[in-house]
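Asks: Have a look at this one.
The values are calculated or read from the model by the stated rules, or taken from the named source; none is laboratory data. Because the structure is predicted, anything quoted here is derived from the model rather than measured. As a convention, Cβ positions derive from the backbone with ideal geometry for all residues, glycine included, and neighbour counts pool all protein chains shown.
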Amino acid sequence: MTSSLDRRAILGRGLILGAATMLSGCNYDHLNHPDLADRFLTGMSRWNDRVQANLFSQTRLAPTYPASAITRPPRFNAFYDIDQAPQVDPATWRLELTGRIGDKRPWTLGQLRALPQESQITRFICVEGWRVIGEWGGVPLGQFLRRINADIKARYVSFQCADGYYESIDMPSALHPQTILALDFLGAPLTAPFGAPMRLRIPTKLGYKNPKSIVAMGVTNVFPSGYWVRQGYNWFGGS
Ligand SMILES: Nc1nc2c(c(=O)[nH]1)N[C@H]1C(S)=C(S)[C@@H](COP(=O)(O)O)O[C@H]1N2
Ligand SMILES: [Mo]
C-alpha cells in the first residue's frame, strides 16, 4: 500500500516535473501566442499551488537522518558563484520585520541566539537534480511568529535577502514544526555561502524555498511571489 506521504511526494514531484516540461515545451509556441502561453502556464502553476497546499499537513514530518548520513562536503547553490556570496557583518546585522506583526522591533543575532534553539538533520532537494543531507539549527519559525505577535491567520510569510533574492511561503508551512530560522549549519554558525547570518530551513519544500542571508521578514495577505517563481517555478514548491 502506498502511504499518504509517498503519494504526496509522487504527486508533488509529478506536478513540478509537469510544469517544467510544459515550460520548455511552450517556448516554441510562445513565439506565436505569448500572452496565451504565459497565462496558461501561470494558471497551471497556481492550480498546482492549491493542490499542494491542500495535500500539505502541518503534522506530517519530513524524514530525519542520523549524523552518519550527512553529505560532506556540503553543496552550494545560488544564482551566482560561491565567491560572490554576500558578506554580512553579524555585529551590525538586524532582522527587520514588516507587515502584519504586532512587535516590529528588529532583532539582533544575539537576541535570536538567546531563544530556544532546535536542530535537525534533513534532506535538501534542489530542482536542478541534486540532493544533500545536512544539519541545521536555529529558532522554530512558528514559535518566533507567535513571539513577535504576528498575524498567524495571514496568508504569507515573505523573506528578503542580502543578495536581492526573495521568497515567500504559505502560513501553514511557516507554522510547521520543522520550519526554522537557521543560524547554524553542520554544528557551527552559518558561513556566508550557506546563508550567514540567518536563512530559512524548511525541509518540506524544495531548495529554492530556503532563502539565505535573510535581512527582512514580512507577514502579509498580498502574494509576495519569489525570485524563481517569477521565472516560472511553482510557488508552493513542496518536496
Ligand atoms: N539568498 C539566496 N538564497 C537562496 C538562493 C540564492 O541564490 N540566494 N538560492 C536558492 C536555491 S535554488 C538553493 S538550491 C539553495 C541552495 O542552498 P545551499 O547553498 O545551502 O545548498 O538556496 C536557495 N536560497
Ligand atoms: Mo535550487
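Asks: Take region 28-65 and flag every residue that is of a type in the set (Val, Ile, Thr), modelled with pLDDT under 90 and not in a helix (DSSP H, G or I).
Replies: THR59
Asks: Another question about this same structure. Given (1) in the same structural domain as GLN111 (by TED's automatic domain parsing); (2) crowded, with 23+ Cβ neighbours inside 10 Å; (3) within 14 Å of ligand 1 (Cβ to nearest atom), identify the lone condition not met by GLY237.
Replies: Condition (1) is where GLY237 drops out.
Asks: If you take the residues of region 38-82 that are within 16 Å of ligand 2 (Cβ to nearest atom), more than 16 Å from the chain's Cα centre (by Cα) and under 22 Å from ARG230 (Cα atoms), which of them is surrounded by the fewest Cβ atoms within 10 Å (Cβ to Cβ)? Lay out the reasoning, then the answer.
Replies: Filtering region 38-82 for residues within 16 Å of ligand 2 (Cβ to nearest atom) gives 71, 74-82.
Applying the additional criterion that residues be more than 16 Å from the chain's Cα centre (by Cα) yields 71, 74-75, 80-82.
Checking which are under 22 Å from ARG230 (Cα atoms) leaves us with 80-81.
Values: TYR80: 12, ASP81: 9.
By that ranking, first place goes to ASP81.
Condition check ((1) in contact with a Phe, Trp or Tyr (Cβ under 9 Å, 6 or more places away or on another chain); (2) in contact (Cβ under 8 Å) with a residue 12 or more places away in the chain; (3) surrounded by fewer than 23 Cβ atoms within 10 Å (Cβ to Cβ); (4) more than 21 Å from PRO116 (Cα to Cα)) across all residues:
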position	(1), (2), (3), (4)
ASP163	yes, yes, yes, yes
HIS176	yes, yes, no, no
ASP184	yes, yes, yes, no
ARG199	yes, yes, no, no
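Asks: In region 118-129, how many are within 16 Å of ligand 2 (Cβ to nearest atom) and assigned to a strand (DSSP E or B)?
Replies: Step one: of region 118-129, the residues within 16 Å of ligand 2 (Cβ to nearest atom) are 122-129.
Those left that are additionally assigned to a strand (DSSP E or B): 122-126.
Going through region 118-129 one residue at a time, the tally reaches 5.
Asks: For region 190-209, name all the residues that are near ligand 1 (Cβ under 7 Å from one of its atoms) and touching a helix residue (DSSP H, G or I) at 6+ places or on another chain (Cβ under 6 Å).
Replies: Within region 190-209, PRO193 is the sole residue that qualifies.
Asks: Taking PRO74 as the residue in question, decide whether it is within 16 Å of ligand 1 (Cβ to nearest atom) and touching a strand residue (DSSP E or B) at 6+ places or on another chain (Cβ under 8 Å).
Replies: yes
Asks: Pick from GLY195, GLY207: which is in the same structural domain as ASN77 (by TED's automatic domain parsing), in contact with an Asp or Glu (Cβ under 9 Å, 6 or more places away or on another chain) and not acidic (Asp, Glu)?
Replies: Answer to the selection: GLY207.
Asks: Have a look at ARG72, ARG8 and point out the one that is at pLDDT below 85, of a type in the set (Lys, Arg) and within 30 Å of LEU183 (Cβ to Cβ).
Replies: Being at pLDDT below 85, of a type in the set (Lys, Arg) and within 30 Å of LEU183 (Cβ to Cβ) holds for just one of ARG72, ARG8, which is ARG8.
Asks: Quick check: is even one residue across region 144-152 among the polar types (S, T, N, Q) and under 20 Å from ALA188 (Cβ atoms)? Let's see the steps before the verdict.
Replies: Within region 144-152, the subset among the polar types (S, T, N, Q) is 149.
Filter once more, keeping what is under 20 Å from ALA188 (Cβ atoms): none.
No, the conditions are met nowhere in region 144-152.
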